[in-house]
Amino acid sequence: MPSGATEVNSKVYTVCGRSACQDSLNYTHGENTTESKLKLVEVNYENYDDLIDLKVEESQKNFVASNMYSLAEAYAVVASKGYAMPFGIYLEDKPIGFLMIGYYPDLEYTQKAFGDDEEIPDYVPSSYQVWHFMIGQDYQGKGYGKEAFRLTLEYIKTKPCGEAEYCWLSYKPENEVARKLYRSFGFEEKDLPKGWDEIPAVLKL
Ligand SMILES: CC(C)(COP(=O)(O)OP(=O)(O)OC[C@H]1O[C@@H](n2cnc3c(N)ncnc32)[C@H](O)[C@@H]1OP(=O)(O)O)[C@@H](O)C(=O)NCCC(=O)NCCS
């Protein structure tokens, strides 16, 4: 199997980098691995409209980019041969949330991705990032965020794009629900790097 590929039901899908949109229209994760009613489904031509329609509460809009913006970002990253993996979070066949994973294989890639203005903490090169994570407003507070995040980590731990030492994410200082959720999975808060407005938290893989 080529590096960066995952085998699901005997089919090989490449799930990161440029080939994501070429080769993997039907990747799902979680369907057969747990008793969960949730699964992660790669964004594709059939589901992107429904995922764009998912919104958070007005009071949460500052916590996360819109799914439309995130998908545009994913397109730009993948078109630049970078790593962005957007997924729908599904409750059985219903899209209820959105997730995007990033990957930083080494310092050279990380420097290109971050540009000159932002400090690069030492855990970022050689890491996966939970880049965007949201549950639609009608589905929040029912345990789906926690379960979807568990599936997300389970997937990241398969290291779908290659080796990495850490998983990290970041959140607005006032986002107490997110802070508590990530802490419950073992993420440790770090100092605010120069140029950041979100607090990073890190998990050793
Ligand atoms: C953060 C988010 C994904 C959590 O998803 P969710 O489905 O609502 O969360 P869950 O129902 O699985 O609950 C997870 C935990 O948060 C708590 N929680 C959920 N909503 C809460 C609220 N409004 N107030 C206080 N606690 C809350 C739950 O009690 C649960 O805690 P527990 O494990 O101790 O029981 C969701 O609220 C969301 O999409 N928020 C807006 C976008 C966002 O902030 N994304 C994260 C950016 S870093």
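On full extension, the segment bounded by Lys94 and Leu181 gains 29.0 nm, given 0.36 nm per residue less the C-alpha separation. Loop-resident GluC sites (Glu not before Pro) (DSSP state other than H, G, I, E or B) in region 166-196 with no more than 13 further Cβ atoms inside 10 Å of their Cβ: Glu174.
Counted by neighbouring Cβ atoms within 10 Å, the residues Trp131, Trp196 run from fewest to most as Trp196, Trp131.
A Förster radius of 22 Å combined with the Cβ-Cβ distance from Glu108 to Tyr69 puts the calculated FRET efficiency at roughly 0.25.
Among Thr158, Thr152, what is the fewest-to-most ranking by other Cβ atoms within 10 Å? Walk me through the numbers on the way to the answer.
On the way: Thr158 11, Thr152 23.
Neighbour counts put them in this order, fewest first: Thr158, Thr152.
In the structure shown, the pairs Lys94/Lys142; Lys159/Lys190; Lys146/Lys180; Lys39/Lys157 are assessed against 19 Å; a Cα-Cα span above that value is assigned to Lys159/Lys190.
Readers should treat all values here as calculations from the given coordinates under stated rules, not as data from a laboratory. All values derive from a computational prediction rather than experimental measurement. Don't worry about glycine lacking a Cβ; one is built from the backbone with ideal geometry, like all the others, and counts go over all protein chains shown.
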